[in-house]
Amino acid sequence: MTKAKSCEVTDEFWQRVQALIPQRQRLENQNYTRKAGGGRKPKDPRLVFEAIVYVLRTGCQWKALPVEPFGSASAIHARFLEWEKAGVFENLWRLGLAEYDDMEGIAWRWQSIDGAMMKAPMARHSVGLNPTDRGRKNGSKRHSLVDGRGVPLSLVVTGANRHDASQLGAVLGGVMVDKPNPPQRRNKHLCADAGYTGAPALKLIEEHGYIPHVKGRGQEAKELKRDPKKKARRWVVEVAHSWFNRFRKLLVRYEKLDRSFMALNHLAASIMALRKIKSDVNIIYG
């Protein structure tokens, strides 16, 4: 396979995305000043998608998109919002999970949940005082549920001041794919840190069919010292958050609106799911 730029989308990845792109149609009750087919042709959807991936991977401002080869940055951003409204990125994540489940099988048995805070200097929604940044005003938090290999199954974005346990129900109830039937879920475990301690949280975990494993770092360290061969399963979610941070647009939240930031997270989660499929074909270069 020919080596390409780190943000270039492969043909195999584009085939998955292309089926989800909505077709533009003229509204019946709308009066248009131009005839159908008139004016400048719309941008190539693949070029638009590659520009969105470029922003996600590099973390650049939308206005800083290179004119060559992407053209108008405002046109790219407008299409991005149009696709977000149509559910393209959420559906792509759902498609990636379905394909990952078919090819590898989602590792339902041992799941992990945790939240990760980030600075959000420009955000207007889902922001709050960041307790890890000297209480500064703007901070957001991504609450994620991952399977045993670290593939995101659900995510919720809130202000940084929202406690992890307060979003437990929303995260567990927001899994993007159908779970196995109840007989297969009796041995389903959920690993979490001390932020999820307390009777209400444990009860909620059990109500969702999980066996809770809520432990603090000190307790985990003691168990690891007693048995060095014991596998620390909760750290899988920490790895997943580090994967999200490799998409530089998500390391610091500069998106003002929740819809934009969530769409970028959904796109990153879809890439993470597809990359876990053992295949000779690259989903995305780099």
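The values are calculated or read from the model by the stated rules, or taken from the named source; none is laboratory data. Treat the numbers as computed from the prediction; the structure is a model and nothing was measured. Ideal geometry is used to build each Cβ from the backbone, glycine not excepted, and the neighbour counts take in all protein chains shown. Accessible surface areas use protein heavy atoms only, side chains included; no ligands, DNA or RNA. Shrake-Rupley method; radii C 1.70, N 1.55, O 1.52, S 1.80 Å.
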* Answer yes if at least one residue in segment 1-12 is modelled with pLDDT under 95, under 19 Å from the mean Cα position of the chain (by Cα), in a strand (DSSP E or B) and more than 27 Å from Gly159 (Cβ to Cβ), and no otherwise. => yes
* Where a residue in segment 74-99 is on the phi < 0 side of the Ramachandran plot and its partner, wherever it lies, is outside any helix (DSSP H, G or I) and of a type outside the set (A, V, I, L, M, F, W, C), with Cβ under 7 Å and at least six apart -> Ala75/Lys43; Arg79/Lys43; Ala86/Pro22
* Structure fact -> Output for Cβ contacts, cut-off 9 Å, separation at least six or different chains, first residue open to solvent by 60 Å² or more (accessible area, probe 1.4 Å) in segment 185-207, second in a helix (DSSP H, G or I) and of a type in the set (A, V, I, L, M), reads Thr197/Ala165; Pro200/Ala165; Pro200/Leu168; Glu207/Leu172
* If Ala75 satisfies every condition in (1) in contact with a helix residue (DSSP H, G or I) (Cβ under 6 Å, 6 or more places away or on another chain); (2) open to solvent by less than 50 Å² (accessible area, probe 1.4 Å); (3) farther than 21 Å from Val157 by Cβ but one, which is the exception? -> (1)
* To do: Take Gly128 and decide whether it is touching a helix residue (DSSP H, G or I) at 6+ places or on another chain (Cβ under 8 Å) and not charged (D, E, K, R).
  => no
* **Flag if Arg142 is of a type in the set (Lys, Arg), open to solvent by less than 50 Å² (accessible area, probe 1.4 Å) and within 13 Å of the chain's Cα centre (by Cα)** => yes
* Subset of segment 86-122 [within 19 Å of Asn245 (Cα to Cα), of a type in the set (Gly, Ala, Ser) and open to solvent by 10 Å² or more (accessible area, probe 1.4 Å)] -> Gly115, Ala116
* In segment 145-180, how many are assigned to a loop (DSSP other than H, G, I, E, B) and open to solvent by less than 10 Å² (accessible area, probe 1.4 Å)? -> 4
